[in-house]
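The next block holds one structure in the form of structure tokens; read it before the comments.
The values are calculated or read from the model by the stated rules, or taken from the named source; none is laboratory data. Quick caveat, the model's predicted, so the values are computed rather than measured. Positions of Cβ are backbone-derived with ideal geometry, glycine not excepted, and every protein chain shown enters the neighbour counts.
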Protein chains: 2
Amino acid sequence: MPVSPSPIGLIGFGAFGRLVAEHLAPHAGLRIHDPFVTPAAFAAAGIAPCTLAEAAACPVVILATPVSGLAEVVRAIAPHLQPGALVLDVGSVKVRPAAIMRAGLPAGIDIVATHPLFGPQSARDGLSGLKIAVCPVRGTRARRVGAFLRRALGLTVILTTPEDHDREAAAVQGLTHLIAKVLVAMEPLPTRMTTRSFDLVMQAVGMVRHDAPEVYHAIERENPYAAEVRRRFFDLAARMDGELGEGVQVEEKVLLDA
Amino acid sequence: MPVSPSPIGLIGFGAFGRLVAEHLAPHAGLRIHDPFVTPAAFAAAGIAPCTLAEAAACPVVILATPVSGLAEVVRAIAPHLQPGALVLDVGSVKVRPAAIMRAGLPAGIDIVATHPLFGPQSARDGLSGLKIAVCPVRGTRARRVGAFLRRALGLTVILTTPEDHDREAAAVQGLTHLIAKVLVAMEPLPTRMTTRSFDLVMQAVGMVRHDAPEVYHAIERENPYAAEVRRRFFDLAARMDGELGEGVQVEEKVLLDA
């Protein structure tokens, strides 16, 4: 993804695809395809959409579609890719997407799996200093991609493997989204008598509460380590709850014995 | 607690008592008593401790002791209080402390129950803008106390009842501390591949993780509404978990049928 006049194909123009387009537009021409976005919505964004074949024929192709639909997209673009092209995804998990792309994209196509650790909410004030995980999957261009992301977009690049990524993300995103989901379900929550720490937790909730349902599902269901993290969270929470319950009983017993 | 030359008695010189002393010292003379703090620790803080009787004989007496020990402290100070004195507490819950003080302090003693919604961590950069709940329990001095806290210390004062306080605090503090306790038990958690929202959650954890165990116990066990909040949190969390589990099974079934 070097700064070059050659266009970048972007498949997917949802919330994250739009963020990608906004930040890449100054650096390259974009050929954007999304059959689920109306021509009117493209027009409103000042963008002329193109066909799947046109987007997929670019030297660099970014897949900004839900992880759950990635296999289908990979199948669809494969016939249109140019030899030597570079394909990247931006999904919230990396083990499955890397496997899907490795299996579904022709040999000779380079693959870099990425996970921008931010969304439209956290990128509201710009990308500078935000993090992105970059995993080499096939070919040798991951470092050049990382250098571009660092230099041109100001991102902090974490070069890692899909497995290491998913293990950390299972805790980072799995816990944040799980906690946010539960707190949103408990609303209305107090807004007056709040502490700084509660305000911070609710600020975190505000950053993920409007994420597309696909993001939550990718994080909790398509990350092979997420179920284990949830299990540990619930087991520890149940133990805390049990200790508090027992404590009350012990206290009552002491009172009765006194 | 008007700005006056008359001294303020402070019973309790733990983490929170020290914070109280630091911020009240510019406004009044302090007579501090804490049998659990060594003379050397008092000396290190530049303070000459005094007896329980001396501290309790002040026109204004602040109780900065754990909620669990409040009844004992109230019994101990009662004989030394001056008629017309004002007694305040600073505990994290208010229904029980208000009842204990109302029952244990002689008629003619005014009582204001307070809960500073901050601790040594969140007050590190000063008190300005932090919140304090103020509950009138006996007498008519709660508004004057509130005015002093606003004017002299820059606090945002929330005048409320012990019941309303505990209902809100059960969610605000109960949830924050419960989540923090579970996350701390899950450590080590990732520090590298983190999102903004996860960073905010961990910042919140950092603010309460060093709270005295008594604070956690007061919040979770001495707040009459805390168990119900925990119950809702766990029920909703279990439902989310169930939904995610079912989703996976449905997905597997579709694959098998395909």
Next item on the list: Could you look through segment A:155-165, keep only residues that are touching a strand residue (DSSP E or B) at 6+ places or on another chain (Cβ under 8 Å) and part of a helix (DSSP H, G or I), and pick out the one that is surrounded by the most Cβ atoms within 10 Å (Cβ to Cβ)?
Entry: A:His165
Next item on the list: Kindly provide the set of residues from segment A:92-115 that are under 18 Å from B:Thr191 (Cα atoms) and either touching a residue at least 60 places away in the same chain (Cβ under 8 Å) or outside any strand (DSSP E or B) (or both), ordered by number.
Entry: A:Ser92, A:Val93
Next item on the list: Name the residue, out of A:Ile8, A:Ile47, A:Ile32, that is under 24 Å from A:Arg124 (Cα atoms) and over 21 Å from the mean Cα position of the chain (by Cα).
Entry: A:Ile47
Notebook entry, point to check: Right, B:Gly46: among the small types (Gly, Ala, Ser), assigned to a loop (DSSP other than H, G, I, E, B) and modelled with pLDDT of 95 or more or not?
Noted result: no
Next item on the list: State whether the residues of segment A:115-124 include one that is more than 7 Å from chain B (Cβ to nearest Cβ), surrounded by fewer than 23 Cβ atoms within 10 Å (Cβ to Cβ), in contact with a Ser or Thr (Cβ under 9 Å, 6 or more places away or on another chain) and more than 15 Å from A:Val93 (Cβ to Cβ).
Entry: yes
Next item on the list: Being more than 9 Å from chain A (Cβ to nearest Cβ) and either within 25 Å of A:Pro188 (Cβ to Cβ) or within 14 Å of the chain's Cα centre (by Cα) (or both) is the filter here, so list the residues in segment B:217-246 that pass it.
Entry: B:Ala218, B:Ile219, B:Glu222, B:Asn223, B:Pro224, B:Tyr225, B:Glu228, B:Asp235, B:Gly242, B:Glu243
Check: Within segment A:118-138, which residues are in contact with a Leu (Cβ under 7 Å, 6 or more places away or on another chain) and part of a loop (DSSP other than H, G, I, E, B)?
Finding: A:Phe118, A:Pro120, A:Ser122, A:Ala123, A:Leu127, A:Leu130
Check: Within segment A:39-61, is there a residue that is among the charged types (D, E, K, R), assigned by TED's automatic domain parsing to the domain that holds A:Pro120, without any contact (Cβ under 8 Å) to a residue 12 or more places away in the chain and surrounded by fewer than 16 Cβ atoms within 10 Å (Cβ to Cβ)?
Finding: no
Check: Within segment B:206-227, which residues are assigned to a loop (DSSP other than H, G, I, E, B) and under 17 Å from A:Ser197 (Cα atoms)?
Finding: B:Arg209, B:His210, B:Asp211, B:Ala212
Item checked: Identity of the residue in segment B:206-216, touching a residue at least 24 places away in the same chain (Cβ under 8 Å) and more than 8 Å from chain A (Cβ to nearest Cβ), that ends up farthest from A:Leu200 (Cα to Cα) -> B:Glu214
Margin query: Condition check: modelled with pLDDT under 95, buried (at least 22 other Cβ atoms within 10 Å of the Cβ) and under 15 Å from A:Thr176 (Cα atoms). Does B:Phe198 satisfy that?
Written below: no
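For (1) among the hydroxyl-bearing types (Ser, Thr, Tyr); (2) out of contact with any Leu (no Cβ under 7 Å at 6 or more places or on another chain), each residue gets a yes or a no:
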{"residue": "A:Ala147", "(1), (2)": "no, yes"}
{"residue": "A:Gly154", "(1), (2)": "no, no"}
{"residue": "A:Glu168", "(1), (2)": "no, yes"}
{"residue": "A:Val182", "(1), (2)": "no, no"}
{"residue": "A:Thr191", "(1), (2)": "yes, yes"}
{"residue": "A:Leu200", "(1), (2)": "no, no"}
{"residue": "A:Ala204", "(1), (2)": "no, no"}
{"residue": "A:Ala218", "(1), (2)": "no, yes"}
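Residues checked against (1) within 20 Å of B:Val37 (Cα to Cα); (2) within 14 Å of another protein chain (Cβ to nearest Cβ):
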residue: B:Val73; (1), (2): yes, no
residue: B:Gln82; (1), (2): no, no
residue: B:Ser92; (1), (2): no, yes
residue: B:Pro97; (1), (2): no, no
Next item on the list: Within segment A:151-161, track down each residue that is at negative phi, more than 12 Å from chain B (Cβ to nearest Cβ) and not basic (Lys, Arg).
Entry: A:Ala152, A:Leu153, A:Leu155
Note to self: Taking the condition of being under 19 Å from A:Met193 (Cα atoms) and either within 14 Å of another protein chain (Cβ to nearest Cβ) or in contact (Cβ under 8 Å) with a residue 60 or more places away in the chain (or both), how many residues in segment B:127-145 meet it?
What the structure shows: 10
Note to self: Whether any residue in segment A:166-178 is among the acidic types (Asp, Glu) and either within 30 Å of A:Ala85 (Cβ to Cβ) or crowded, with 22+ Cβ neighbours inside 10 Å (or both) is what I want to check.
What the structure shows: yes
Next item on the list: Identify, by number, the condition in (1) surrounded by fewer than 22 Cβ atoms within 10 Å (Cβ to Cβ); (2) modelled with pLDDT of 95 or more; (3) β-branched (Val, Ile, Thr) that B:Val93 doesn't meet.
Entry: (1)
Item checked: Filtered residues of segment B:188-205 (kept if in a loop (DSSP other than H, G, I, E, B) and either facing chain A (nearest Cβ under 7 Å) or touching a residue at least 60 places away in the same chain (Cβ under 8 Å) (or both)) -> B:Leu189, B:Pro190, B:Arg192, B:Met193, B:Thr194, B:Thr195
Next item on the list: Would you mind stating whether A:Pro79 is assigned to a helix (DSSP H, G or I) and touching an Asp or Glu at 6+ places or on another chain (Cβ under 8 Å)?
Entry: no
Notebook entry, point to check: Which residue pairs have Cβ atoms under 6 Å apart, sit 6 or more places apart or on different chains, and have a first residue in segment B:63-89 that is in the same structural domain as B:Gly14 (by TED's automatic domain parsing) and within 26 Å of B:Asp211 (Cα to Cα) and a second that is among the charged types (D, E, K, R) and assigned to a loop (DSSP other than H, G, I, E, B)?
Noted result: B:Val67/B:Glu222
Next item on the list: Spot the failing condition for A:Pro26; the list is (1) under 27 Å from A:Lys131 (Cβ atoms); (2) free of Cβ contacts under 8 Å to residues at least 40 places away in the same chain; (3) touching a helix residue (DSSP H, G or I) at 6+ places or on another chain (Cβ under 7 Å), and only one is missed.
Entry: (3)
Check: Yes or no: B:Thr65 buried (at least 21 other Cβ atoms within 10 Å of the Cβ) and part of a loop (DSSP other than H, G, I, E, B)?
Finding: yes
